[in-house]
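For reference, the structure discussed in these notes is given below.
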Amino acid sequence: SQRRQREHDIIRRVWDFMETIPYHHMKPRQDLVDAGFCLADPARRYLVYLPEGGAVNVKVEHGPFRVEWINARDTAERKPAPETRDGQGLKAPDGGDWLLYLTR
């Protein structure tokens, strides 16, 4: 009776997503973003969580980077965007919570 399947399913999807990226090489790097929460392996990959969408500037090294927006509520929903050389002015698709994934 205490089971909360909806919440369990959300956490499971997050775990499954994290298994698809080399997060163990990434470190928290709040100094590289002006919004959200950042994990980075500088010059290789950056993962930024934006809890309320919006725009973010990411200080990237040695671009260009492929840009992918991942719906944090349903990580199967992915929206590619034009690549970025400088990581500036990247805007989430809507006001929900999104993950921004930049890769070389």
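The values are calculated or read from the model by the stated rules, or taken from the named source; none is laboratory data. Values in this document were obtained by computation on a predicted structure and should not be read as measured data. Heads up, the Cβs are rebuilt from the backbone with ideal geometry, glycines too, and the neighbour counts pull from every protein chain shown. Keep in mind that these areas ignore ligands, DNA and RNA; they rest on the heavy atoms of the full protein, side chains included. Shrake-Rupley method; radii C 1.70, N 1.55, O 1.52, S 1.80 Å.
Summary table below
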read-out: Heavy-atom accessible surface of the range 11-104: percent carbon and sulfur, 1.4 Å; value: 52 percent
read-out: Cα-centre dipole for the range 18-93 with unit charges at Cβ (Lys and Arg positive, Asp and Glu negative), debye to 20; value: 100 debye
read-out: Rounded to 10°, Cα long-axis angle of helix 5-18 versus longest principal axis of the chain; value: 30 degrees
read-out: Eligible lysines near residue 79 by straight Cα distance, threshold 18 Å, same-chain separation 8 or greater; value: 91
read-out: Long-range HN-HN contacts of residue 61 with modeled amide H, under 5 Å; value: 43
read-out: Relative contact order (%) - criterion: Cα under 8 Å, at least six apart; region: the range 35-104; value: 42 percent
read-out: Packing rank of 34-46, 81-93, 3-15, where each peptide gets the mean count of other beta carbons within 10 Å, highest leading; value: 34-46, 81-93, 3-15
read-out: Theoretical gain in end-to-end length, residue 23 to residue 55 [0.36 nm per residue, Cα-Cα removed]; value: 9.2 nm
read-out: Inverse of mean 1/r across different Cα pairs in the chain, Kirkwood, Å; value: 14.0 Å
read-out: Theoretical gain in end-to-end length, residue 6 to residue 88 [0.36 nm per residue, Cα-Cα removed]; value: 26.0 nm
